[in-house]
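One structure is given here, and the rest of the page talks about it.
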Amino acid sequence: MSTLSLSVGPSAVGLVSSPGMSKLLAEAPLVLETEEQSVLHETHKGLLQERSPVLLSDVMSAFVSNKDTQNLSSPVTFVFKHSVTPRPRQKVFCVFWEPGQKGCGHWSTKGCWMVGTGDTSTTCQCTHLSSFAVLMAHYEGQEEDPTLAVITYVGLSLSLLCLLLAALTFLLCKAIQNTSTSLHLQLSLCLFLAHLLFLTAIDRTENKVLCAIIAGALHYLYLASFTWMLLEGLHLFLTARNLTVVNYSGVSRFMKKFMLPVGYGVPAVIVAISAASRPHLYGTPAR
């Protein structure tokens with residue numbers, strides 16, 4: 001059973017569920033919008049062309065007495081009950097049947113998008129009326145190597161220990177504190193927080209908002225680490241170029257004045273631009 005939510009004013013509304021059409025249209029091709037194709041190829045390797053998509057629900061046709069149902073002012077909400085349970089490496093799409101020439105046609109995602117999905121149902125919204133269904137397509141993914149996972153977690157754990165010792169050394173040993181050790185301290189802190197977040201939260205992808213926040217934080221911390229490495233190199237270059245005491249003092253004053261705004265401000269600007277331009281890439285199973 002599927003449900004429909006529609007506000008079209010004083011109109012006659014029709015809703016037909018066709019379980020038998022699922023078998024007839026099961027082998028039909030799936031045509032994705034250009035944006036969805038790019039997102040899928042960025043988050044996964046793409047759809048498996050040799051495996052046909054699988055209908056996850058009955059085919060449901062919706063219509064109203066209004067003449068224009070192709071560009072609705074407010075989207076129609078559908079809730080589809082699953083006939084099978086989605087499995088790993090299967091991507092769920094909200095689709096409609098687009099007829100073609102000579103009786104041929106295909107499933108399309110144009111004007112339809114998924115609001116939410118679970119093991120038993122999927123909620124879709126569309127800006128037009130037609131015959132709708134929920135489609136499940138297989139995508140290529142990378143097999144996780146247990147050996148590489150062990151190496152990653154052991155290596156990052158050792159790195160956390162060393163970074164903690166380094167940060168405590170730079171922070172507590174007053175005799176060695178200068179501009180160079182300040183740069184080392186900031187780099188150690190950024191790497192420590194990035195590795196710690198990676199170890200504790202990289203697999204938490206169930207909640208999309210939380211996953212997006214974790215992805216953005218990792219992006220920021222690793223960019224900040226790169227920026228502090230760049231500042232360390234710049235400081236070393238300026239120190240070697242200006243070996244006199246006067247010039248060295250000038251370099252130190254310059255670095256102390258600008259290193260914090262640059263070290264933490266530049267990565268923040270980059271992450272803000274990335275999140276504003278392509279927010280859908282934060283909080284995916286791959287990012």
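Tabulated data for the structure shown
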| read-out | value |
| --- | --- |
| Residues within segment 146-195 that are within 26 Å of the chain's Cα centre (by Cα) and under 19 Å from P267 (Cβ atoms), tallied | 7 |
| Residues located in segment 79-117, provided they are part of a loop (DSSP other than H, G, I, E, B), farther than 19 Å from S130 by Cα and either at pLDDT 80 or above or of a type in the set (S, T, Y) (or both) | H82, S83, T85 |
| Failed item, numbered, when T205 is tested on (1) over 24 Å from L160 (Cβ atoms); (2) modelled with pLDDT under 80 | (1) |
| Which numbered condition S131 misses (of (1) of a type in the set (S, T, Y); (2) buried (at least 16 other Cβ atoms within 10 Å of the Cβ); (3) modelled with pLDDT of 75 or more) | (3) |
| Qualifying positions in segment 204-235 - among the β-branched types (V, I, T) and within 12 Å of the chain's Cα centre (by Cα) | T205, V209, I213, I214 |
| Selection count, segment 225-238, where residues are under 12 Å from M259 (Cβ atoms) and of a type in the set (G, A, S) | 0 |
| Condition broken by T120, with the remaining ones in (1) surrounded by fewer than 17 Cβ atoms within 10 Å (Cβ to Cβ); (2) β-branched (V, I, T); (3) modelled with pLDDT under 75 satisfied | (3) |
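The values are calculated or read from the model by the stated rules, or taken from the named source; none is laboratory data. These numbers were taken from a predicted model, which means no experiment stands behind them. Here the Cβ is made from the backbone with ideal geometry for all residues, glycine too, and neighbour counts use every protein chain on show.
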